[in-house]
Amino acid sequence: MKRKLFTIGAMLILTAGINAQTDTLTSFFTGSLHLYGLDQVAPRDSGFVMGNNAFGDLAKMQRFDNTHGVISGGTITGALLAVPYKRSAGGSFQVAIWDDVSGVPSTTPLATKNVTLAAVDTNHSVFHQIGSAGVYNLSVQFTTPVNIPTLHNFWVGVILPSTSGDSIAILHNANNDFADALTNTGELRYDMSFHSVAETQQGWGLNAAMCIFPIVHFVGAGVEEMNSTSISMYPNPASDIINFDFNNTAVSHIEIIALDGKQVYKQLVDNTKASVNISNWYNGIYIYKVVTQNGAVFTDKFVKK
């Protein structure tokens, strides 16, 4: 049976624009923001295309590959997502990473991170723009970074809440805004079968991508991996001061970037150590870059608490 969808309306929840992204895959997401429901009269009763619905869908996910931002091996450390609607009976859901097996997600996730519905703020004022068209209101960091699979293809998505009375929806772009939906936007049905949301006979016929943006740390492709013999940063997590020890590496400058892509700090370096006062910064995850005088880039993350 073909699934039918109806638009609830475009979501105009944008804040100040971001000029660049650092280690967050966003280039695949273009077009306008939408939230499609199953029932035009009572969409929140019947559910959402990209979320819990009357069909009993179990998970929604996006595939990432060398066409959609994956430039090398490395690790997946977290994800940014837009969750504009929730109904909570006190439960939770999971953000997950799956390996890609011949174009479909692996049966068992590579990693999951539990998120309580109470922790999700759906107020429009907390949404941030990311990339040219996407937004997010939820930032998730995996407990242990996940290695990007050897073939550089993987899925990132949400295992939907299953407690009675709990539901969420994931924001996405409009139909025909994402030409690769047939191969790169999927869902797990109630019977554990996997389908593309772009299928026309058994699916939605929807060519769209979800606001799911992996946070990655690439190794190679001009980015050098952090190691104990080169450059170190401590403490991590930190609340007041972070310190850099360059171990006699000739360094040009330090950059620190928030997860939404904004550069929040830059310092030229002319000695073997440096310190940065972060006491007045917002709590969360930041990405730092240390650029050497020969142009090499060392990058990693720290947590401000």
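Every number here is computed from the coordinates shown, using simple stated rules; none is lab data. Everything quoted here is computed from the prediction, not taken from an experiment. Quick reminder, even Gly has a Cβ in these numbers, built from the backbone with ideal geometry, and neighbours come from all protein chains shown.
Around the Cα centre of the range 6-218, unit charges on the Cβ atoms of Lys, Arg, Asp and Glu (plus for the first two, minus for the last two) sum to a dipole of about 320 debye.
Here, the chain yields an orientationally averaged convex hull projection of 15.8 nm² when only Cα atoms define the hull. Note down the net charge around Tyr265, summing +1 for each Lys or Arg and -1 for each Asp or Glu among other residues with Cβ under 11 Å from its Cβ. Overall, the nearby charge balance is +2.
What is the total of Lys pairs in the chain with C-alpha atoms under 15 Å apart, excluding same-chain pairs fewer than 8 positions apart? Walk me through the numbers before you get to the answer.
Details: Lys60/Lys113; Lys262/Lys289; Lys262/Lys301; Lys266/Lys289; Lys273/Lys289; Lys289/Lys301.
The number of close lysine pairs in the chain is 6.
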